[in-house]
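Participant: Got a structure for you, questions after.
No value in this document is a laboratory result; all are computed from the given coordinates. This structure is a prediction, so every number in the text was calculated from the model and none was measured. All Cβ positions, glycine included, derive from the backbone under ideal geometry; neighbour counts span all protein chains shown.
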């Protein structure tokens, strides 16, 4: 027989669920039984009920992982909800910390810091250090060629050198 109390389904043998949610099962033969409450919204803890041949009833919490450990519970059983059933994982929330700790954003912030703050640090320093910096900047550059000229001479210079050798030999 199938009985419903709220959203809870009970498969019982000749038992009626009362309006307060209690039920009694009569004429149960001796043996060991697992009593579970199946509910779509709430999780209940299962119990093992053992009935001996003389009719003595012993109940304990059911532990599938460590069956040797026995937690006795008083009889009649009172089912209490352990937790609610979570069918879906909650969506992750967007946080500014996650955005700021992104490696790409950190690299952009560091480059912005270097571009903006470092020049300001030079203006704050002592006047003596500023004078030394100006003197080193005003020193002659010893006529060092630019990189583009150096590369152009390196690529084109071999052809010019071979032509100049040919001209010298002809003269």
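Residue by residue, here is whether (1) touching a residue at least 40 places away in the same chain (Cβ under 8 Å); (2) closer than 30 Å to residue 39 by Cα; (3) touching a strand residue (DSSP E or B) at 6+ places or on another chain (Cβ under 8 Å); (4) exposed (fewer than 10 other Cβ atoms within 10 Å of the Cβ) holds:
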{"residue": "55", "(1), (2), (3), (4)": "no, yes, no, yes"}
{"residue": "60", "(1), (2), (3), (4)": "no, yes, yes, no"}
{"residue": "74", "(1), (2), (3), (4)": "no, yes, yes, yes"}
{"residue": "77", "(1), (2), (3), (4)": "yes, yes, yes, no"}
{"residue": "89", "(1), (2), (3), (4)": "no, yes, no, yes"}
{"residue": "96", "(1), (2), (3), (4)": "no, no, no, yes"}
{"residue": "111", "(1), (2), (3), (4)": "no, no, no, no"}
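Participant: Within the range 16-32, can one find any residue that is under 16 Å from residue 82 (Cβ atoms) and in a loop (DSSP other than H, G, I, E, B)?
Facilitator: Of the range 16-32, the ones under 16 Å from residue 82 (Cβ atoms) are none.
There is no residue in the range 16-32 that is under 16 Å from residue 82 (Cβ atoms) and in a loop (DSSP other than H, G, I, E, B).
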